[in-house]
């Protein structure tokens, strides 16, 4: 193999690496989703008829990058979507944004996630009771 051909192969390999998730801009960010709901029967599990709680702030604090925090506010159905960066996160609810008198009824009170490019971590739900 001549040196021009080797240089071309190396350049192609580097270019492909950039497009496949080694820092390229085409990769989807990791996402955490869930529902904040009113646990009307107090059993800690979301069941049919239990409404979502809108306007509640959900926070993701990075385990890896000091001071990095992502946040989202639930929609009218209690659904949130956090766009994260790579690494570990502690996902929790800002209980000061809940309706007055609501307390946690589901377990866990927070989720520990380790997210990768393109991964969607679903089902990070939190139940609260008045």
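The values are calculated or read from the model by the stated rules, or taken from the named source; none is laboratory data. Just so it is clear, the structure is predicted and the values come from calculations on it, not from any experiment. Positions of Cβ are backbone-derived with ideal geometry, glycine not excepted, and every protein chain shown enters the neighbour counts.
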(message) Being surrounded by 14 or more Cβ atoms within 10 Å (Cβ to Cβ) and in a strand (DSSP E or B) is the filter here; which residues of segment 35-70 pass it?
(response) 35, 36, 37, 38, 52, 57, 58, 59, 60, 61, 62, 70
(request) Please work out which residue is farthest from residue 74 (Cα to Cα), limiting yourself to segment 3-34 and to residues that are loosely packed, with under 13 Cβ neighbours inside 10 Å and at pLDDT 50 or above. (result) 26
(request) Name the residue, out of 94, 63, that is at pLDDT 90 or above, out of contact with any helix residue (DSSP H, G or I) (no Cβ under 8 Å at 6 or more places or on another chain) and closer than 30 Å to residue 128 by Cα. (result) 94
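Please verify whether segment 116-123 includes one or more residues that are part of a loop (DSSP other than H, G, I, E, B), in contact with a strand residue (DSSP E or B) (Cβ under 6 Å, 6 or more places away or on another chain), at pLDDT 90 or above and exposed (fewer than 15 other Cβ atoms within 10 Å of the Cβ).
The answer is yes; a qualifying residue exists.
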(message) For segment 71-115, give me each residue that is closer than 19 Å to residue 28 by Cβ and either in contact (Cβ under 8 Å) with a residue 60 or more places away in the chain or not in a strand (DSSP E or B) (or both).
(response) 84, 85, 86, 113, 115
